[in-house]
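Q: Before anything else, here's the structure in question.
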Amino acid sequence: MKIFTSPQIRKCDAFTIENEPVTSLALMERAATACAGWLSRKFSGETVYNIFCGHGNNGGDGFALARLLYHKGCDVNVFMDSAQNLSADAEINFKRTKDISGIEFSDFSKVNKFQFEKESVIIDALFGTGLNNAIEGKSAELIKVLNELKFPKISIDIPSGLFADEVSDKNSVVFKADETLSFQFWKKAFLHAETGQFCGKINILDIGLSSEFIENEISDSFVIDEGLVREIYRPRQEFSHKGNFGKTVIAAGSSGKMGAAVLATQAALKTGSGLTFSLAPQCGYEILQTTCPEAMFLKCGQDFITSFEVDQDVILGIGPGLGTERETYNALLAFLKACDKTLVLDADALNVIAENTDHVNLIPKKSILTPHPKEFERLFGTTENSFERLNLAKDKAKQLEIYIVLKDHHTQIATPEGKVFYNLTGNSGMAKGGSGDVLLGILTSLLAQNYSVKEAALFGVWLHGKAGDFAAENHSKEAMIPSDLIAELGNVFKYLNSSQ
Ligand SMILES: NC(=O)C1=CN([C@@H]2O[C@H](COP(=O)(O)OP(=O)(O)OC[C@H]3O[C@@H](n4cnc5c(N)ncnc54)[C@H](O)[C@@H]3O)[C@@H](O)[C@H]2O)[C@H](O)CC1
Ligand SMILES: [K+]
């Protein structure tokens, strides 16, 4: 699914209004209807909705929502700043709502202390995508008070105070939502840590904006939705044999760090690789042969790897637990100098490359790098925030013709053609040592099975996160461990095969 910027969303609005055709007021009604439906499914009939309306169209959504909820039989209070002039559509919806005797209107700047009923919900319809500056004055004071209240908080379209496409100033006032009801598209602000922390759970509501516009409008940012994953996934053909599913080699491990090699190898096996090998030092022989009996052992060194030479017909994932021995580093550099095939590079392999700025030029084109933020910094330099980090990743992916998988809550994949894909699966239970090793195994296995590099990167990151979501469901975010992700891969494939 494409991600659009605020100006593109406005263009999409205008196009829909002109071409459907539909009036802007009717579009607002659709938005409010979608919100009212969502809220009445989510909360009980006893709920009192306290709707805070601004003076733009976000406030207009709020006024319309108040009316629609009231007509569904709900208790509704509206709070606004009566000193402000309303936008045209907000004004119409204000007028349509204000004469309903059952809805109480208050001026929020005149309320000393909010006294809400027990089953209250707070709705933020103060500012939407039209915000052009940090919020100050009465609205800022209001948001600070609302943020302290313990009632469920819902933002309409975007939490007030956030910009859709960029980071806000650290000190600016932002409504802190438990859930955000947004229209039609994901916004970048939902997907980055600095801004996403204000959004709670995101719910994208369809308001029927023009599919013609959405198809034709160019965007370089996307979310990996399930539809895209299903297009990529290829179920196994019945008349096939192990030779159809490639050869995966996981080069990983050193004395004391064989667990990383085990996790990556097991993940490669459970992702469907036809033949799987562990390239590891002799000290890992028994460990790997016992924990991964389906994989073959390729000895390369005693306590650490001293050579990365493999046959031409394999796909190689390198990095987990390699350690910091000079001999391993030199062997990897020598291997990279001679290699022109796609690799998956993680962990210590990235640290070898980060040692010298020229080393990035040794990365074979179309390789996948999977840095976490610190590894990314070591490779490509520091940035102010995650939006800038992603821009730098985009530049580097283009310049070096590689895929950069920036590991994050919503992992981002920057591609050589300058696109960015945000992943939506995964959770904080995966923020544990070993999760990255599992990802490397998954990605290498998919490449070996002939998925294109782009397909492997998008599908692999999604699979990893989905396995994490299943593991969290079964074990909790606290207790789940990376081995649980591997164990859940089977359920993820079953899910892809059974549900539509
Ligand atoms: N396609 C859709 O997504 C639809 C969205 N809708 C809703 O419309 C808003 C966007 O409305 P807009 O009037 O453009 O912006 P706001 O409501 O955010 O109002 C901003 C309002 O306030 C002024 N302003 C901006 N920044 C500040 C500031 N820092 N302090 C004070 N005032 C400020 C600005 O000049 C405007 O006058 C979108 O988010 C949706 O909620 C439609 O209802 C349906 C289609
Ligand atoms: K809002």
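The values are calculated or read from the model by the stated rules, or taken from the named source; none is laboratory data. Computed from a predicted structure; not experimentally measured. Cβ placement follows ideal geometry from the backbone for every residue including glycine, while neighbour counts extend to all protein chains displayed. Ligands, DNA and RNA are stripped out before the accessible areas are found, and what is left, the full protein with its side chains, is counted by its heavy atoms. Shrake-Rupley method; radii C 1.70, N 1.55, O 1.52, S 1.80 Å.
Q: Looking at this structure, is F175 within 12 Å of ligand 2 (Cβ to nearest atom), of a type in the set (F, W, Y) and in contact with a helix residue (DSSP H, G or I) (Cβ under 6 Å, 6 or more places away or on another chain)?
A: yes
Q: Also, I was wondering about something else. For segment 176-204, enumerate the residues that are assigned to a helix (DSSP H, G or I) and either surrounded by 17 or more Cβ atoms within 10 Å (Cβ to Cβ) or not assigned by TED's automatic domain parsing to the domain that holds I135 (or both).
A: Of everything in segment 176-204, those that are assigned to a helix (DSSP H, G or I) and either surrounded by 17 or more Cβ atoms within 10 Å (Cβ to Cβ) or not assigned by TED's automatic domain parsing to the domain that holds I135 (or both) turn out to be K188, A189, F190, L191, T195, G196.
Here is a yes/no grid of residues against (1) surrounded by fewer than 20 Cβ atoms within 10 Å (Cβ to Cβ); (2) more than 10 Å from ligand 1 (Cβ to nearest atom); (3) within 11 Å of I123 (Cβ to Cβ); (4) not aromatic (F, W, Y):
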residue: H55; (1), (2), (3), (4): no, no, no, yes
residue: G62; (1), (2), (3), (4): no, no, yes, yes
residue: L69; (1), (2), (3), (4): no, yes, yes, yes
residue: G73; (1), (2), (3), (4): yes, yes, no, yes
residue: D89; (1), (2), (3), (4): no, no, no, yes
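Q: Separate question: Of (1) in contact (Cβ under 8 Å) with a residue 24 or more places away in the chain; (2) more than 24 Å from L424 (Cα to Cα), P235 satisfies all except one. Which?
A: (2)
Q: Taking the stated definitions as given, is E117 open to solvent by 40 Å² or more (accessible area, probe 1.4 Å), among the charged types (D, E, K, R), more than 8 Å from ligand 1 (Cβ to nearest atom) and in contact (Cβ under 8 Å) with a residue 60 or more places away in the chain?
A: Answer is yes for this residue.
Q: Same structure, new question: Given the structure, is K138 near ligand 1 (Cβ under 10 Å from one of its atoms) and open to solvent by 40 Å² or more (accessible area, probe 1.4 Å)?
A: yes
Q: To continue, here is another question. Consider R41 carefully, then state whether it is over 21 Å from V145 (Cα atoms) and under 32 Å from the mean Cα position of the chain (by Cα).
A: In short, yes.
Q: Find the residue count for segment 139-163, including only residues that are part of a helix (DSSP H, G or I), within 12 Å of ligand 2 (Cβ to nearest atom) and either without any contact (Cβ under 8 Å) to a residue 12 or more places away in the chain or among the polar types (S, T, N, Q) (or both).
A: Matching residues across segment 139-163 total 1.
Q: Show the residue pairs that are 6+ apart or on different chains and have beta-carbon atoms under 7 Å apart, the first residue being within segment 84-105 and assigned by TED's automatic domain parsing to the domain that holds G56 and at pLDDT 95 or above, the second being more than 9 Å from ligand 1 (Cβ to nearest atom) and of a type in the set (G, A, S).
A: Within 7 Å, the pairs are T97/A66; I103/A66.
Q: Which ones in segment 346-396 are hydroxyl-bearing (S, T, Y) and part of a helix (DSSP H, G or I)?
A: The answer is T357, S386.
Q: Residue check: is L209 within 26 Å of E29 (Cβ to Cβ), within 20 Å of the chain's Cα centre (by Cα) and outside any helix (DSSP H, G or I)?
A: It is false that L209 is within 26 Å of E29 (Cβ to Cβ), within 20 Å of the chain's Cα centre (by Cα) and outside any helix (DSSP H, G or I).
Q: Also, quick follow-up: Could you tell me whether any residue of segment 214-224 is over 27 Å from the mean Cα position of the chain (by Cα) and not in a strand (DSSP E or B)?
A: no
Q: What about I207, is it closer than 30 Å to V22 by Cα and either within 12 Å of ligand 1 (Cβ to nearest atom) or open to solvent by less than 20 Å² (accessible area, probe 1.4 Å) (or both)?
A: Judged against the criteria, I207 is a match.
Q: Could you list, in sequence order, all residues of segment 462-480 that are open to solvent by less than 30 Å² (accessible area, probe 1.4 Å) and not in a helix (DSSP H, G or I)?
A: M480
Q: Under 7 Å by Cβ, and 6 or more places apart or on different chains, what pairs join a residue from segment 264-292 that is assigned by TED's automatic domain parsing to the domain that holds A467 and within 10 Å of S445 (Cα to Cα) with one that is modelled with pLDDT under 95 and in a helix (DSSP H, G or I)?
A: Cβ pairs passing all conditions: G272/F245; S273/F245; G274/K242; G274/G243; G274/N244; G274/F245; L275/K242.
Q: Now for a separate question. Quick one: what pairs do we get from segment 1-28, first residue without any contact (Cβ under 8 Å) to a residue 12 or more places away in the chain, second open to solvent by 20 Å² or more (accessible area, probe 1.4 Å) and not in a helix (DSSP H, G or I), C-beta under 6 Å, 6+ apart or different chains?
A: Hits for this filter: zero, empty list.
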